[in-house]
Amino acid sequence: MSDIRPETGVCYYPEHWPEDLWEKDAKGMVEAGISWVRIAEFSWIKMEPEDGVYDFSWLDRAIETLGGAGLKIILCTPTATPPKWLVDKMPDMLAVDEDGQTRHYGSRRHYSFSHQGYIKECERITEQLARRYGANPYVAAWQTDNEYGCHDTAISWCESAKLRFRQWLENRYETIEDLTEAWGTIFWSMSYQSFDQIELPNMTVTEANPIHNMDFRRFATEEIVKFDQAQIRIIRKYSGDKPISHNFMGDFNQFNSRPVAANLDIATWDSYPLGFLQNMQKNARKDGKLEIDCLRVGDPDFQAFHHDLYRGMARLWIMEQQPGPVNWAAYNPIPAKGAVRMWSWEAFAHDAEVVSYFRWRQAPFAQEQMHAGLMYRDNQPAPGLAEVRQVNDELSKVSLSKTQKSSIALIHDYEADWMSELDGQSEDFYYLRLVLDMYRAVRQNGGSVDVIGPDDNIDGYKLILLPSVLHVSDDLINRLSKTEALILAGPRTGLKTKNFQLPDRLVNDGLVSITGFKTTRIDALPARLPIKASYKNIEGEVSIWREEGEVTGALLAQCADCMPLLTKGNIGSYLCAWPDEALLKEICKDFMLSAGIDCYDMPAYLRVRQRGEHLIFTYYGPDEVSIPLSFEGEFVLGGREMKQADVTIMKIAVSD
Ligand code: GAL
């Protein structure tokens, strides 16, 4: 069962450095135990300095040098940075922001996914690359573009998007009468007589019709899928079955990654734990404790959640991992000693096949000068490199087992995220925060989770969590009703139709019988005004979102003012409010135990993930801890006593 050996990689920019450094760099990577190198995602201007004038000679030499040194190359299409001559040729390819301003040339991602002329240009450069390097033995994998949607670029409010959106609406609704009905346009006389009258939902006097926005987001996802597919088709033609990836992001909801990942072999994502901790502060609970305790290691659940999210879509790699301080967050601290190593092991614990670090050497010019690399500018190793070396050394000694399915599934839904954003109600309702809170509660009890989409198979799970699946389809209700699993839904679940309207009877009846609760009114609150609530002997608080309604099943817990907190129906339960950490941990513990899932009394900030016959422990807290004695097995890395940023791996006996 122990037969899997993950690898490491690094992002490298040969075009940034004199050629006489390349060989030395390649040697340095190999010496550190690195196996993969990702190149070329921003180098279009070097490949094609003028329209139709190609120069791949430098890339030939770079590939020869890196590959010849023993590295496997991930070659990227350069379409995230169209050159200036191309933009000048087709200025309307530039994206337009929500305020109607054209986004200028001068950084990156300056294009609209809907511009058909730009897609043709992308096909042309991809064809050149794939034809030249598809069969190259050193090129072992591909990446399309770079971070779709980064810098708010998933959506462009441009003319090409508007025309294609009209067509998309016509395909979806067929007649204007059907659209008018689905959108409820009679409200404020917003009706149309033809699809040609429909504008984009920006720059309206007050908010646009939320379904108009919702459909525009659905459309935007399909545009990205098409854009990506255009490149994939060409790469496959020349590169056979070499895997194709795209690098997704963390805390990102502008488009639905699932249909994009469905066409890829590998879903990679870019993991910057300290940057994310800082940027997530706006949505954090206000006591600031997590930020203080984890300033230099990051949120103990944020990376893990995204690993689980993307491994639910395809094979998982981390294409970029923070190697030291970054430059783009509100504050950019130095990671704790050992953190780069621990993040790598956290990723391997969650099935990552490769962890690749961004970047090899710090760049002394342009936008990211303050971003660390594994090497300093003067070619001295930066502290991250020693940790990467250590990871590789450890990987050569410990091989991991294949992951089995988890007992717990958490249903994550991009459409629910969009709906809750478009429907506000409490300004503090932030979908990912709720999902993370529930995910965290399971991890605090020692559980491992599969994050799945609403259309994914739910067979074989013992516990299914549905934090705010705003629209629960009839198909999902049907499947939930038949599962053997215990279900914990809510809050804010089942409260909208697919067309973003209130269901006739407020909540779908099928869901009501599952959860024993029928919502009638919402008490939407500021996070700073919580309400006392208790569950068993835990006293805590709920905040942001509470639901009033009819308890059709049993009432298991309530708030201090007698509004419901938790109900029970025939096969599941409903959380009628958003509980704090202590309450949620206890509630999840009871559900795990009732579902027959082992729970552990985990010290704060200690996390574990089971990967086959290995338990991989990572520790994020500031004080020293001891792994509870209830975990028994053979230590294959580290030991029972842990301090911040430590990793321990224990081999256990598992029954098949
Ligand atoms: C990522 C991006 C990289 C680099 C990095 C800096 O979002 O893909 O190109 O900018 O951030 O942390």
Write down the accessible area per residue of the range 84-198 in Å², having rolled a 1.4 Å probe over the full set of protein chains.
48 Å²
Within the range 13-29, backbone nitrogen closer than 15 Å to the virtual label 7 Å beyond the Cα of N327 toward Cβ
13, 16-17
1.4 Å probe accessible area per residue over the range 388-482, in Å²:
33 Å²
Summing +1 per Lys or Arg and -1 per Asp or Glu among the other residues with Cβ less than 11 Å from D523's Cβ gives -1
Past the 18 Å Cα-Cα mark, which pairs from K72/K337; K24/K46; K397/K651; K72/K120; K162/K226?
K72/K337; K24/K46; K72/K120
What does the charge count near D145 come to, summing +1 for each Lys or Arg and -1 for each Asp or Glu among other residues with Cβ under 12 Å from its Cβ?
-1
Note on the chain: contact order normalised by length, alpha-carbon pairs under 8 Å, 6 or more apart, percent, works out to 11 percent
Please give, to one decimal in nm, the separation of the simple spin-label points placed at E291 and Y376, each 7 Å out from Cα toward the Cβ.
3.1 nm
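Okay, helix-only estimate at 222 nm for the chain: each DSSP H run of n ≥ 4 adds -39500 (n - 2.57), divide by all residues, round to 500 deg cm²/dmol; what do you get?
On the way: 19 runs with 214 residues, N = 656.
Mean residue ellipticity, 222 nm, calculated: -10000 deg cm²/dmol.
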In nm, spacing of pseudo-spin labels at L629 and I186 (7 Å Cα→C-beta vector)
7.1 nm
Bin all alpha-carbon pair distances of the chain at 20 Å intervals from 0 and give each bin's fraction as a whole percent.
18, 51, 29, 2
For K282, go through the aspartates and glutamates and keep the ones whose alpha-carbon is under 16 Å away, minus same-chain ones fewer than eight residues off.
D251, E291, D299, E421, E427, D428, D437
Under the span-like rule (Cα at least 18 Å along the axis, Kyte-Doolittle mean at least -1.0), DSSP H helices of the chain
210-239, 383-397, 431-444, 581-594
Once you have a ≥ b ≥ c as the square roots of the Cα gyration tensor eigenvalues for the range 493-599, tell me rounded if a/c is under 1.5, and otherwise prolate or oblate according to whether a/b is larger than b/c.
oblate
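Rounded if a/c is under 1.5, else prolate if a/b is larger than b/c, else oblate: which is the range 61-131, with a ≥ b ≥ c the root eigenvalues of its Cα gyration tensor? Write out the running numbers ahead of the final one.
Working: a/c = 3.05, a/b = 2.30, b/c = 1.32.
Cα axes put the range 61-131 in the prolate bin.
Tally Lys/Arg at +1 and Asp/Glu at -1 over every other residue whose Cβ is under 9 Å from the Cβ of G540; what's the total?
Details: positive: K532; negative: E539, E541, D580, E581, E586.
Local charge sum for G540: -4.
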On a straight-distance basis, which lysines could pair with K289 in a cross-link, Cα separation under 19 angstrom, same-chain partners fewer than 8 positions away excluded?
K585, K643
Which whole-Hz couplings ³J(HN,Hα) result when phi for each residue of the range 508-517 is put into the Karplus expression 6.51 cos²θ - 1.76 cosθ + 1.60, θ = phi - 60°, listed in order with x for Gly and Pro?
4, 4, x, 5, 4, 6, 5, 9, x, 8
Check which residues have an amide H placed less than 5 Å from G540's amide H, if you skip close sequence neighbours.
A533, S534, Y535
Long-range HN-HN contacts of V636 with modeled amide H, under 5 Å:
I649, M650, K651
Shape of the range 408-594, Cα gyration tensor, a/c cut at 1.5:
rounded
The answer for the range 606-651, accessible area per residue at 1.4 Å probe in Å², is 38 Å²
Kirkwood estimate for the range 196-244, i.e. one over the average of 1/r between Cα atoms, Å:
13.4 Å
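Order of 140-148, 634-642, 415-423 by packing, highest average Cβ count within 10 Å first?
Numbers: 140-148: 23.4, 634-642: 15.0, 415-423: 21.1.
Peptide ranking by packing, descending: 140-148, 415-423, 634-642.
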Quote the FRET efficiency, to the nearest 0.05, computed for D99 versus A262 with a Förster distance R0 of 30 Å and r equal to the Cβ-Cβ distance.
0.35
In Å, what is the Rg of the alpha-carbon atoms in the range 317-463, and how long is Dmax?
19.1, 55
Scalar couplings 3J(HN,Hα) for the range 524-533 by Karplus 6.51 cos²θ - 1.76 cosθ + 1.60 (θ = phi - 60°), nearest whole Hz, x for Gly and Pro, are 9, 10, x, 4, 6, 10, x, 10, 5, 8
Carbon plus sulfur fraction of accessible area for the chain, probe 1.4 Å, in percent
49 percent
Quick calc: nm separation of the 7 Å Cα→Cβ label points for W58 and S194 -> 5.1 nm
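How big is D, in µm² s⁻¹, for the range 606-651 by Stokes-Einstein at 37 °C and 0.692 mPa s if Rh is the Kirkwood radius over C-alpha pairs?
D, rounded to a whole number, is 315 µm²/s.
The values are calculated or read from the model by the stated rules, or taken from the named source; none is laboratory data. These numbers were taken from a predicted model, which means no experiment stands behind them. Counting neighbours? That spans all protein chains shown, and the Cβs are built from the backbone with ideal geometry, glycine included. These area figures cover heavy atoms from the full protein model, side chains too; ligands, DNA and RNA do not enter into them. Shrake-Rupley method; radii C 1.70, N 1.55, O 1.52, S 1.80 Å.
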